[in-house]
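A short write-up of the structure that comes next.
Please treat every number below as a calculation from the coordinates, not as lab data. As the structure is a prediction and not an experimental result, all values here were calculated from the model. Cβ: placed from backbone, ideal geometry, glycine included. Neighbour counts: every protein chain shown.
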Amino acid sequence: MQLDANKLSFSVDKGLAPVYFISGDEPLQQGEAVDLIRKKARSEGFLNREVLHVEGRFNWNQLLGVYLTQSLFSEKNLIELNLPTAKPGREGSQAIEKVIRDLSTDNVLIIIAGKLDKASKNTKWFKSIDQHGVVVQVWPLFENKLYSWLNQRLKRKGMTTDQQGIKLLADSVEGNLLAAVQEIEKLHAIHGAVQLSVNDIINAVADNARYDVFKLGDSLLAGNSARTVQVLNGLLGEKLAAPVILWALMRELRIMAGLSFERASTGRTDATFKKHRVWDSKKSQYMQALSRGNIHQWQCLIQACAKAERITKGVEPGDEWLVIEQICLAFCEPKRLKQYGLIAL
């Protein structure tokens, strides 16, 4: 059964499904959907939580072992399978199909996946999940959907504003829901549960005392190394989670790699801008940044982000914040790639 993200709460309240597939490339909605299932599962006695990450040469027997083995105290199991590519491969497909065939009331499986493509929707493993469980796909929000989402978020905090205020808030976050949550939390901290004026929002958005993720993106595109380090230090001081920053970095780098490839192959860039829904006001910044590097360099930085992500998960030793800083500085000046050992020339 396929559900919109905003209908998941109603479905979960009625009862847990044995398997959930939460897919997409918008981290806030995906994270909140998973948290909703986790909370319900805990209240239903699924106290033994197992988390698996599909990386490199992942042994799919781990999934079968966790799923088919009851805990020592016969607790119910909440199993989370992180599948970043949304492509389990042949062995993974067979393992998922076996799990679906052997569904048990003692287990709830959540598969947290990247964006699902059309071909994957026609596979046996996906159809099995769709038939026996719940599929939720989350998408970035734009224009009217973003306005509606912002309205609902403000109401959760007891705040309202007019359409001009909503549009101003939407323009300031440019579809970044993580940034939107930050702004709404800030507005609530300053004003409380009130009717917000346009000036209230203007003053909050213009307040540069707080360093957030979309300010980091601006400094990266501008190639301003000093500003980039300043913003990163601010984010570290605010204890912002490294995965949030890596998500923002990966988004920018995918756009840069896409622009480089498209320009080299067709001489154009409009398809990449359309695919990633880049706002017109930001296009000149991307084109400025594009002149500093090539597709090979952008791809090396994407690989470096994957390394930093492995460090955050404890899969690889190292200091994720140091690697993130190196990635950011190399984004500003790609010649730094060799200096930091992020590329072999």
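Descriptive notes on the structure:
- For region 2-138: relative contact order, % (alpha-carbon pairs under 8 angstrom, 6 or more apart): 43
- Each of Val108, Val205 was scored by other Cβ atoms within 10 Å of its Cβ. Arranged with the fewest first, they read Val205, Val108.
- The amide H of Ala113, built 1.01 Å from its N in the peptide plane, has Ile22, Ser23, Gly24, Leu83 as neighbours under 5 Å, considering only residues 5 or more places off or on other chains.
- Close amide-amide hydrogen proximity is noted between Leu196 and Thr160, Thr161, each under 5 Å apart and 5 or more residues distant or on a separate chain (H modeled in the peptide plane; Pro and chain starts excluded).
- Cross-link pairs exceeding 27 Å between alpha carbons, from the set Lys115/Lys338; Lys275/Lys338; Lys186/Lys215; Lys239/Lys313; Lys121/Lys215; Lys167/Lys282: Lys115/Lys338; Lys275/Lys338; Lys121/Lys215.
- Distance between the pseudo-spin-label points of Glu185 and Ser284 (7 Å out from Cα toward the beta carbon): 3.3 nm.
- Volume in Å³ per residue [convex hull over Cα atoms, computed for region 143-205]: 64
- When every Cα-Cα distance of region 1-139 is counted in 10 angstrom steps from zero, the calculated P(r) takes the values 12, 47, 36, 5, 0 percent.
- Residue with peak Gaussian network fluctuation, the chain [Cα springs, cutoff 10 Å], from Glu262, Glu183, Glu309: Glu262
- Computed Rg/Rh of the chain, alpha carbon atoms with Kirkwood Rh: 0.98
- Quotient of Cα Rg and 2.2 N^0.38 Å for region 153-242, N being how many residues it contains: 1.13
- Two-decimal Rg to Rh for region 213-339 - Kirkwood Rh, Cα set: 0.96
- Spatial separation of Cα centroids for region 167-181 and region 42-121, in angstrom: 34
- CD proxy at 222 nm, helix term only [per DSSP H run n ≥ 4: -39500 (n - 2.57); per residue of the chain; nearest 500]: -18000 deg cm²/dmol
- For the residues Ala17, Ala242, Ala271, a GNM of the chain with alpha-carbon springs under 10 Å puts the largest fluctuation on Ala271.
- Taking 0.36 nm per residue of separation and subtracting the Cα-Cα distance, full extension of the segment from Ala271 to His132 would add 46.3 nm.
- Bridges between two residues of the chain, per DSSP, are antiparallel at a rate of about 0%.
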